[in-house]
């Protein structure tokens, strides 16, 4: 069975946002939703004052109406003496007015109880509305924050992709066969260099390592030009590339404290 291809983070240019950027995006989302919901929450809070004021108005109205009724009944009682009633008729009228006074006073607590119950129910609804609007604000903050994170990650991934494409386009492309030919030619030349034979330069013969100590960049470049002329299958850029590989590997081994391989000269100085 064929294996299912696996895509890694590098393939999709996954980007991780810094804590500072995440905090900035959250503050922006939070501020935007606070501004959006500020009028709504203000209206929710003002509703509490309206409910309490309505209760106070109704309670004052109940007490005022009860007091007015009691005053009217009291005046009626005082007027009975001059009404001409006497005996049991006066007694019955007095009893009736006195009973009404008691009913009026007793009705006040019941009426206020109804008003308090209505106020309690209205305050409960107002609290629920305030809590619901606050939850909507928090939900909006979370949604906007997540959307900002997704957008920022997308932008960052695009930047990473563009940087990788820029590096790829800037990196020189080499032919593997040409590099292989250049490595063979360099290996052969360095093997000969390590044997240090004498060569003829002008009218005299001098050791090869004296002719080219391979200690500077210019001396390595001289070797590269000679290899390009002597061998085929690669150009100057190819042989310079394999020389750079050799010197980098040599420098790494020296840094790690490992002995250089036999026949490999030291890195260039220049």
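Worth a mention:
- Within the range 200-232, considering residues that are under 14 Å from residue 181 (Cβ atoms) and surrounded by 14 or more Cβ atoms within 10 Å (Cβ to Cβ), the one nearest to the chain's Cα centre (by Cα): 224
- Test result for residue 173, at pLDDT below 90, touching a strand residue (DSSP E or B) at 6+ places or on another chain (Cβ under 9 Å) and exposed (fewer than 11 other Cβ atoms within 10 Å of the Cβ): no
The values are calculated or read from the model by the stated rules, or taken from the named source; none is laboratory data. As the structure is a prediction and not an experimental result, all values here were calculated from the model. No Cβ is skipped: glycine too gets one built from the backbone with ideal geometry, and neighbour counts run over all protein chains shown.
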